[in-house]
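What follows is a set of notes on a single structure, which appears directly below.
The values are calculated or read from the model by the stated rules, or taken from the named source; none is laboratory data. Small disclaimer: the values here were computed from a predicted structure and weren't measured. FYI the Cβ positions are ideal-geometry reconstructions off the backbone, even for glycines, and counts take in every protein chain you see. The accessibility values were calculated without ligands, DNA or RNA, using every heavy atom of the protein model including side chains. Shrake-Rupley method; radii C 1.70, N 1.55, O 1.52, S 1.80 Å.
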Amino acid sequence: MTESASLRASAFSPRFDIGAQRIDCGREPHVDTHEAADQRASWPLLDYSACEPTEDQAAINRWLAGAALDGREVLHVGTGNSSVAQLLAGKARRIVSVTVARNEWEHGRALGLRDYSVHLLNKHSLAFAEQFEPASFDCILDNNLASFACCQRHLERYFEALVRLLKPEGFVLTHWLGMQWTLDVGVDDVEPVWRLDAGKLRAIASAYQLSVEREDELFFLRRARGAAAARS
Ligand SMILES: C[S@@+](CC[C@H](N)C(=O)[O-])C[C@H]1O[C@@H](n2cnc3c(N)ncnc32)[C@H](O)[C@@H]1O
C-alpha cells in the first residue's frame, strides 16, 4: 500500500461492528475483482446469463409480480439473466441493472428491452457510488447484499451508495437465502462474518438509519422515520 493509501485506510472509521476482521482490503474494487474466484469455482459463480434465476431471486420476482411498481424506477444489483427486467419491462418506468459478469451485461443489452439499461460495474466501487443521481430509485433489489464483500470499508461504501440512491419512500429488498451465502471457493473468500442473519442485517441497517421489516423470507430496508433523505 502507498503511504497516501495507508493514510486513507487508517482514516476509515467503521460505522458498525459485527466482528469483521478485514476492515480495509486496500484495493479499489473493479469488475474483475472476483475473477480468480470465478475461475476456481466448478459451477457458475458470477455469470448467470444462461441460468434460471436462483431460488432467492425467483422468490423476489414472485413478490415483484404482484407489487405496485407501475411507473417506478428499479435498480437490480446482480443482473443474472435479466429476469427482473423481463418481468418489469413496460410496467416500471426504468429498470437499471449492474453486474460484474460481461456475459450478463451483453445478454441484458442484447434483449433490447424497453427502458432497461445494464451497467458493467462493481457495486463496491467508487464508479458505482457515482454512477447514478441521488434519490434515483423507488426499489433496489440485491439478493446477495454482503455475499461478495471484500472488506468492511467497501461494504460500507456500498450501503452509503444504496442510501443515497433511494428515493425518500424507497426500499431495498433482499432475501434470507442470499443473505446467508458468501463467496467461499478457496480463492479471495469472503469473511464468514458477512453471512447475514436478521440481527446482523439490523445492526448494519441501523448504522444507515434504515429500518428492517421481514415478510417471511423477504427483508425490506427503508429509511427509518425521521431519517434525512438524500439530497441532490
Ligand atoms: C449468483 S449470480 C445471481 C444472479 C441473479 N441475481 C440471480 O440470483 O439469479 C451473482 C450476481 O451478482 C453479481 N455480482 C457479484 N459480485 C458483484 C459486485 N461486487 N458488484 C456487482 N455485481 C456483483 C454477478 O455479476 C451476478 O450477476
**Asked** What fraction of the DSSP beta bridges in the chain is antiparallel, stated in percent and rounded to the nearest 5?
**Response** 40
**Request:** Tell me, rounded to the nearest percent, the portion of alpha carbon pairs in segment 72-197 spaced more than 16 Å apart.
**Result:** 62
**Prompt:** Using just the C-alpha positions of segment 88-156 as equal point scatterers, what log10 of I(q)/I(0) does the Debye formula give at each q in 0.20, 0.21, 0.24, 0.28 1/Å?
**Reply:** -0.97, -1.06, -1.28, -1.43
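Would you mind counting up the charge near residue 184? Only other residues with Cβ under 14 Å from its Cβ, with Lys and Arg at +1 and Asp and Glu at -1. If you can, show how the numbers build up before the last one.
Details: positive: 40, 195; negative: 38, 188, 189, 191.
That sum, taken over residues with Cβ under 14 Å, equals -2.
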**Prompt:** Put a dot 7 Å past each Cα toward the Cβ at residue 30 and residue 193; how far apart are the dots in nm?
**Reply:** 2.8
**Request:** Treating each Cα of segment 12-144 as an identical point scatterer and ignoring solvent, apply the Debye formula and state log10 I(q)/I(0) at q = 0.09, 0.13, 0.17 Å⁻¹.
**Result:** -0.29, -0.60, -0.98
**Pairwise FRET efficiency - residue 227 versus residue 21, Cβ, R0 = 35 Å, nearest 0.05** = 0.75
**Asked** Counting Lys and Arg as +1 and Asp and Glu as -1, what is the net charge of the other residues whose Cβ lies under 12 Å from the Cβ of residue 144?
**Response** 0
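Share of antiparallel DSSP beta bridges in segment 120-232, in percent to the nearest 5?
On the way: 11 of 15 bridges.
Rounded to the nearest five, the antiparallel share is 75 percent.
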**Prompt:** Could you give the semi-axes, largest first, of the ellipsoid that matches the chain, computed as the square roots of 5 times the alpha carbon gyration tensor eigenvalues and rounded to whole Å?
**Reply:** 26, 22, 17
**Asked** Based on Cα positions only, what radius of gyration and what Dmax would you give for segment 137-232, in angstroms?
**Response** 13.2, 43
**Fill in**
Simple spin-label estimate for residue 51/residue 106, 7 Å along Cα→Cβ, in nm, reads 1.9
**Asked** Between residue 70 and residue 220, what is the FRET efficiency for a Förster distance of 22 Å, r being their Cβ-Cβ separation, to the nearest 0.05?
**Response** 0.70
**Message:** Can you tell me which of 89, 101, 11 moves the most in a GNM of the chain? Springs connect C-alpha atoms under 10 Å apart.
**Reply:** 11
**Prompt:** Out of residues 5 or more away from residue 119 or on other chains, whose amide H comes under 5 Å of its own, with H placed 1.01 Å from N in the peptide plane?
**Reply:** 97, 98, 99
**Complete:** Probe 1.4 Å, heavy atoms of protein chains only: per residue, the accessible area of the chain in Å² is 47
**Prompt:** Of all the accessible heavy-atom surface of the chain, with the other protein chains kept in place and a 1.4 Å probe, what percent is carbon and sulfur?
**Reply:** 47
**Message:** How big is the dipole moment of the chain about its Cα centre under a simple scheme where the beta carbon of each Lys and Arg is +1, that of each Asp and Glu is -1, and everything else is neutral? Debye, nearest 20, please.
**Reply:** 800
**Asked** So between residue 58 and residue 12, what do we pick up on full extension, going 0.36 nm a residue minus the alpha carbon distance?
**Response** 12.9 nm
